[in-house]
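Taking it in order: structure first as structure tokens, then the write-up.
The values are calculated or read from the model by the stated rules, or taken from the named source; none is laboratory data. Predicted model only: the values in this text are computed from it and were never measured. Note that we place each Cβ from the backbone using ideal geometry, even for glycine, and neighbour counts take in every protein chain shown.
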Amino acid sequence: MNEVILETSDKMEKSVEAFKKELSKVRTGRASLSILDGIFVDAYGSSMPLNQVGTITIPESRMIVIQPWDPQMLPAIEKAILKSDIGLNPIGDGKVIRLNIPQLTEERRKDLVKSVRKVAEEFRVAIRNIRRESIEILKKQKKDKEISEDELFKFQDEAQSETDSYIKQIDEVTANKEKEVMEV
């Protein structure tokens, strides 16, 4: 198999993984630690990930509890959560911060599904762009007489089948996430 095709497959695999990570941030009405990914707290003169300033637990299906290792960090953690765009209000009691995950309305669920579909389309386009770049490299190799015309067509077909495979994966992940979001 041509190294261009192997590189194409690798890039597409990374795109699918990035897509899954992006979808893990979408709230589904249930508590998930991934909701807090990407939240940084100003602590001790530097910016630190939230999970490095305290213990994060999920005691109930609709609640996240953050217990800072240093109680003086409570205001900074609350500020970081409010500043992020996760749409949750922290409730502090001096020792821990509670995040209650509200029940999603039908309208909000539909908005989330639209958002999931939009992100999925962006990643499908990214995968198609990877295919396009690979085919351009293959055409350049043919022009430089590194591969024959038959090999070019064979590798183009392989690039297309890789593309189809990864787009199918994105479609499956999207369908599962939509189902999860619409679940009451």
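List the pairs whose first member sits in the stretch 1-20 and is over 20 Å from residue 117 (Cβ atoms), whose second member is polar (S, T, N, Q), and whose Cβ atoms are under 8 Å apart, counting only residues at least 6 apart or on separate chains?
Taking only residues 6 or more apart or on different chains, the pairs are 4/134; 4/141; 5/134; 7/134; 8/134.
Looking only at the stretch 107-135, which residues are out of contact with any helix residue (DSSP H, G or I) (no Cβ under 8 Å at 6 or more places or on another chain) and either crowded, with 18+ Cβ neighbours inside 10 Å or at pLDDT below 85 (or both)?
Of everything in the stretch 107-135, just one residue is out of contact with any helix residue (DSSP H, G or I) (no Cβ under 8 Å at 6 or more places or on another chain) and either crowded, with 18+ Cβ neighbours inside 10 Å or at pLDDT below 85 (or both), namely 108.
Kindly list the number of the only condition in (1) in contact (Cβ under 8 Å) with a residue 24 or more places away in the chain; (2) within 19 Å of the chain's Cα centre (by Cα); (3) in a helix (DSSP H, G or I) that fails for residue 31.
Residue 31 satisfies every listed condition except (3).
Would you check if residue 115 is more than 29 Å from residue 30 (Cβ to Cβ) and assigned to a helix (DSSP H, G or I)?
No.
Write out, first by first residue and then by second, each pair whose Cβ atoms fall under 6 Å of each other, whose residues are 6+ apart or on separate chains, and whose first residue, in the stretch 50-75, is assigned by TED's automatic domain parsing to the domain that holds residue 86 while the second is part of a loop (DSSP other than H, G, I, E, B) and surrounded by fewer than 14 Cβ atoms within 10 Å (Cβ to Cβ).
Final answer for the pair search is 54/69.
I'd like to verify a number: residues in the stretch 88-106 that are among the basic types (Lys, Arg) and either out of contact with any strand residue (DSSP E or B) (no Cβ under 6 Å at 6 or more places or on another chain) or loosely packed, with under 12 Cβ neighbours inside 10 Å (or both), how many?
1
From the list 61, 32, 47, which one is at pLDDT 85 or above and not aromatic (Phe, Trp, Tyr)?
After ruling out the rest, the residue left standing is 47.
Suppose we keep only residues that are of a type outside the set (Ser, Thr, Tyr) and surrounded by 17 or more Cβ atoms within 10 Å (Cβ to Cβ) within the stretch 157-168. Which one would you say is farthest from residue 113 (Cα to Cα)?
158
Taking the stated definitions as given, is residue 85 outside any helix (DSSP H, G or I) and exposed (fewer than 14 other Cβ atoms within 10 Å of the Cβ)?
yes
I'm checking my understanding of the structure. Among residues of the stretch 80-93 that are at pLDDT below 85 and in contact with a helix residue (DSSP H, G or I) (Cβ under 9 Å, 6 or more places away or on another chain), which one is nearest to residue 176 (Cα to Cα)?
86
Could you list all residues from the stretch 142-156 that are in contact (Cβ under 8 Å) with a residue 24 or more places away in the chain and either surrounded by fewer than 17 Cβ atoms within 10 Å (Cβ to Cβ) or under 21 Å from residue 18 (Cβ atoms) (or both)?
Listed by number, the list holds a single entry, 151.
Looking only at the stretch 94-103, count every residue that is at pLDDT 90 or above and over 16 Å from residue 41 (Cβ atoms) and tell me the total.
Number satisfying all stated conditions: 1.
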